[in-house]
Amino acid sequence: MRDTILLVDDEINILNSLKRLFINDDLRIIIALNADEAMNALKDNKVSVIVSDNRMPNITGIEFLQKAKEVSPESVRILLTAYADIHSAIDAINKGEVYRYISKPWNDDEFRDTVSNAINRYKVVMSLKSGDEAILLSLAQTIELKDPYTRGHCDRVAKYAIKIAESLGLSEEEKKCIKYGSWLHDCGKIGVPESILNLNGPLSDEQINLIKNNSRWGADVARLARLPVAVVNIILYHHEKYDGTGYPEGLKGKDIPLEARLVSVADFYDAFSSDRPYRKKYSSENISKILDDLKGRHFDPE
């Protein structure tokens, strides 16, 4: 079945311009001139991605997308916004109402790339709902293709994390969640462009914020797929630090779920065992020393 894109704007010329961007793609495009038309379309169709203008009569795009989330929670929501509304768009992203925003006037290639990433995100959610272990690992490996330096990373993190979990005497169910969470801990990367992931140089503040949001996006995907809370916790909190200086929420100490504290150690170990665009890999001895130095600051001392 073809993916369906719903475009919402009160100007028919804009809708036609957006529709033409996908004329050569195997996609089904639905257009709506107002929120009521769009809501009816959502009720009658399985929509992969919604793109809505923010400035519409009677209701803003953010308000419409909040309502759309209730009717079709799996649909990925994108906001088309003027420069003056960007702060509102970023706030909507942080609250989970919007996946991404696109500024007017848009760049055609960037618009298509954003929609393509959104379709991939939708497919990830729908696939995860199957709960099939082979599919979970396959999706993790597919996401890794966005960043060639991390190939095999998720599987290695899972193996290290399971060893730690076994040494702590955790249950089989806890170990299964840790394995799935390790595989999927970076699944939010589907919302980060490859150009940023593979940039060999300093990132701008906006690019850093985009990367920091990947854990929220990934956790949202896992929640939509109704994965266990422990899996969601790993995806959302594995960048938190024991001293409270991590992200996305700045949790501290034992407020960080155990499974996330555990996977963060395994994630760090494997990351520093691998070559990256900005540095060469470290030896096991050096990594162990760094981990020991960061005990109680970045990592759970236990």
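What number comes out for the charge environment of R261, summing +1 per Lys or Arg and -1 per Asp or Glu over other residues with Cβ under 9 Å away? Summing Lys and Arg as +1 and Asp and Glu as -1 gives -3. V49 contributes an accessible area of around 0 Å² to the protein surface, as traced by a 1.4 Å probe with all chains present. Within the accessible area of the range 1-42, the carbon and sulfur atoms contribute 43%, probe 1.4 Å, all protein chains present. Summing Lys, Arg as +1 and Asp, Glu as -1, what charge do residues with Cβ under 12 Å from the Cβ of M1 carry, M1 excluded? Neighbour charge sum, excluding M1 itself: +2. Heavy-atom accessible area for S284, with the other protein chains in place and a 1.4 Å probe, reaches approximately 60 Å². Surface composition of the range 205-302: carbon and sulfur atoms hold 48% of the protein heavy-atom accessible area at a 1.4 Å probe. Rolling a 1.4 Å probe over the heavy atoms of the protein chains gives the chain an accessible area of 49 Å² per residue.
Under the classification rounded if a/c is under 1.5, otherwise prolate if a/b is larger than b/c and oblate if not, where does the range 1-51 fall, given a ≥ b ≥ c as square roots of the Cα gyration tensor eigenvalues? Because a/c hits 1.5 or more and a/b fails to exceed b/c, the range 1-51 counts as oblate. Nonpolar atom fraction for the range 53-123, defined as the carbon and sulfur part of the 1.4 Å probe accessible area, stands at 46 percent. Rolling a 1.4 Å probe over the protein heavy atoms leaves H153 with an accessible area of roughly 0 Å².
The values are calculated or read from the model by the stated rules, or taken from the named source; none is laboratory data. Keep in mind that this is a model prediction, so the values were computed, not measured. So basically every Cβ, Gly included, is an ideal-geometry build from the backbone, and we count neighbours across all protein chains shown. SASA here: full protein model, heavy atoms, side chains in, ligands and nucleic acids out. Shrake-Rupley method; radii C 1.70, N 1.55, O 1.52, S 1.80 Å.
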